[in-house]
Amino acid sequence: MIVVTGGSGKAGRACMADLMEHGYDVVSVDVAKPTDLDVPHTVADVTDFGQTMAALAGIDERTSDVTGVVHLAAIPAPGLAPNHVTFATNTVSTYNVFEAARRLGIRNVVWASSETVLGLPFDVPPPYVPVDEEYPGRPESAYSLSKLLGEQMAEQFCRWEPEMKIIGLRLSNVMLPDDYARFPGFQDDPALRKWNLWGYIDARDAAQAIRLALESEITGAEVFVIANADTVMQAPNDKLLDAVFPDVPRRRDVGVHDTLLAIDKARRVLGYEPRYGWREER
Ligand SMILES: NC(=O)c1ccc[n+]([C@@H]2O[C@H](COP(=O)([O-])OP(=O)(O)OC[C@H]3O[C@@H](n4cnc5c(N)ncnc54)[C@H](O)[C@@H]3O)[C@@H](O)[C@H]2O)c1
């Protein structure tokens, strides 16, 4: 059975639907009420270690034999709560999930880091494009700092427990199909979405990445940038970069609409291949 924290959320619902479609037993853990999906739901606050331990241990026979955890519960962006609340919520909940998993012998953990650790909103330009996992984190907000600390905690937990796998997915901006109606409004101003290099991730492709990460046989702490294969823009990349980041080195040729949030590592290591895209859905 796979426990999904934050199961009531945008990514959590898509993740649970995808896991169920692929034959997994899933249980949702969230402070909020359940979704419309037919999954057992446990109301628990993962900032509380006791509740996290109890939820991951399995509340009763409905939620026993937990073999993996997908940790998505968080305050999911800067500015939604006072910074210290975002920092404390996200840092402590991630610690609690890692520690509860470790104590319970659950070695398979996938969690949502964030594209923000790449240096969003790029008021300081990125070191190069496409951005990837190869340069040190550059958090610019308490939210992003909480995610970077989660990545660093994962490394230490995996040093303590070399058999553990803790995969952090640096998700881009999560979109549901209805969100694509907003995309025409992005087109006139290249600066409007420069904050994440014009990237996005369809919740269903995020779910695919989560499932592939759960199924991956690697051990240790790893991070992957997870975005869709294209940008949110009709304008070609060269034109966007000339307008907004003229001095940022372009490390390689990219296709006119190819993502500037490199997903090469996820493709290579996880076998991730995005299936959705706003151009087809409109
Ligand atoms: N939405 C994005 O664009 C985006 C981008 C990158 C990373 N992420 C990360 O992905 C994850 C999921 O994001 P989302 O967009 O689905 O957010 P969301 O707000 O839709 O879902 C988060 C869920 O977590 C729950 N939650 C919050 N605090 C909790 C707690 N203490 N205990 C239990 N449940 C709690 C909420 O009730 C909510 O249902 C988050 O970790 C977020 O930081 C999101």
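The numbers here are math on the coordinates, done by the rules we state, and not lab data. Since we're looking at a predicted model, the values are computed, not measured. So basically every Cβ, Gly included, is an ideal-geometry build from the backbone, and we count neighbours across all protein chains shown.
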What order do you get for 271-278, 28-35 when each peptide is scored by the mean count of other beta carbon atoms within 10 Å, highest first?
-> 28-35, 271-278
Eligible lysines near LYS239 by straight Cα distance, threshold 16 Å, same-chain separation 8 or greater = LYS194
Kirkwood Rh for segment 51-154 from C-alpha pairs, in Å, is 14.9 Å
Packing-wise, with mean Cβ within 10 Å as the measure, how do 68-80, 147-159 rank, highest first?
-> 68-80, 147-159
Any idea how far the Cα center of segment 148-176 sits from the one of segment 258-276, in Å?
-> 18 Å
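So what is the orientation-averaged projected area of segment 15-74, using the convex hull of its C-alpha atoms, in nm²?
Numbers: hull surface 16.3 nm².
For the Cα atoms of segment 15-74, the hull's average projected area reads 4.1 nm².
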Ranking ARG250, ARG204, ARG211, ARG170 by Cβ neighbours within 10 Å, fewest first, what do you get?
-> ARG250, ARG204, ARG211, ARG170
Can you give the net charge of the other residues whose Cβ lies under 9 Å from the Cβ of VAL124, counting K and R as +1 and D and E as -1?
-> -1
Listed highest first by mean packing, meaning other Cβ atoms within 10 Å per residue, what order do 7-19, 85-97, 257-269 come in?
-> 7-19, 85-97, 257-269
What is the Cα radius of gyration of segment 238-282 over 2.2 N^0.38 Å, N being its residue count?
-> 1.40
Using alpha carbons only: equivalent-ellipsoid semi-axes of segment 2-281, gyration tensor based, whole Å = 32, 19, 17
